[in-house]
Amino acid sequence: PDSLADGPAKTLVGLLLFFHVAVTYLVNNQPLSKKIYEFAYGDLKRSQPRAARRWAAISGTLLVWSYLIANLIPWFSAFQALMGSLLGAPIMFGFPVAFYVLDERQRQHVVGHFPTRAALAVVSGLVLPATLVVGTVAAFVGLAAEWGEGGMFQCTPGGYGR
């Protein structure tokens, strides 16, 4: 919402963005909460009130923990960008190529089919290294710029000022 003027439109966009982040957190939180529950209490029996209270406690603890981590580390967003750049490109571009090439059923087609070989070579030889290098350099630049700024709980959404 940084590019919008102050007013109802900016508030609406901010609320929709908050809703998007909340839903994303809840969707991503479910598998982790389930594994923590199973590790601590065994099989999840959804019909029991005690299970619901335990689940709420685990989910709430993860929410508070996530909030604290994100706000205690002043350069957390830059660090998150660095981790995304280092892991995102290999996962998005490297894993599919590797799985395709390593699949026994596909191996015979890869060797003989020039367009497939060319596409795999472009993705693994150009796209993967380019996105990895450019993203990582940009993340390091952002991390260096934010390293000394602010303190704990000093984050201010862009465009709102203090």
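All of the numbers you see were taken from the coordinates with simple rules; none came from a lab. Keep in mind that what you see is a predicted model, and the values were worked out from it rather than measured. Every residue, glycine as well, gets a Cβ built from its backbone with ideal geometry; the counts of neighbours run over all protein chains shown.
Using a Förster distance of 35 Å, how high is the FRET efficiency between LEU32 and ARG117, based on the Cβ-Cβ distance and rounded to 0.05?
According to the calculation, E is roughly 0.35.
What does the C-alpha gyration tensor say about the overall shape of segment 30-115? Classify as rounded when a/c is under 1.5, otherwise prolate if a/b is larger than b/c, or oblate.
Details: a/c = 5.67, a/b = 1.64, b/c = 3.46.
It is oblate, given that a/c is not under 1.5 and a/b is not larger than b/c.
Considering the dipole of segment 1-146 built from charges on the beta carbon (Lys and Arg +1, Asp and Glu -1) around the Cα centre, which of PHE19, VAL97, ALA52 is farthest to its positive end?
Positive-end residue among those listed: ALA52.
State to the nearest 20 debye the size of the charge dipole of the chain about its Cα centre, where the only charges are +1 on K and R beta carbons and -1 on D and E beta carbons.
700 debye
If you plug each phi of segment 84-96 into the Karplus form 6.51 cos²θ - 1.76 cosθ + 1.60 with θ = phi - 60°, what whole-Hz ³J(HN,Hα) values come out, in order, with x for Gly and Pro?
Result, ordered by residue: x, 6, 6, 9, x, 4, x, 5, 6, 10, x, 4, x Hz.
With n ≥ 4 as the cut-off for DSSP H runs, can you work out [θ] at 222 nm for the chain, using -39500 (n - 2.57) per run divided by the number of residues, rounded to the nearest 500?
Mean residue ellipticity at 222 nm (helix-derived): -24000 deg cm²/dmol.
Which whole-number percent is the relative contact order of the chain (Cα, under 8 Å, 6+ apart)?
Details: 94 pairs, mean separation 47.4, N = 162.
Value for the chain: 29 percent.
Sort out the exposed loop chymotrypsin sites (Phe, Trp or Tyr not before Pro) in the chain (DSSP loop, at most 14 other Cβ within 10 Å) and tell me the longest stretch that has none. Display every interim value, and only then the final one.
Numbers: sites that count: TRP147, PHE153, TYR160.
So the longest stretch without any such site is 1-146.
With semi-axes √(5λ) of the Cα gyration tensor in Å in mind, check [x] 36, 22, 11; [y] 39, 16, 14; [z] 36, 29, 16 and report the label derived from this structure.
The calculated read-out lines up with [z].
May I ask you to derive the FRET efficiency for GLU104 and VAL64 from their Cβ-Cβ distance with R0 = 30 Å, giving the value to the nearest 0.05? All intermediate terms of the calculation are to be shown ahead of the outcome.
On the way: r = 47 Å, r/R0 = 1.58.
After rounding, the FRET efficiency stands at 0.05.
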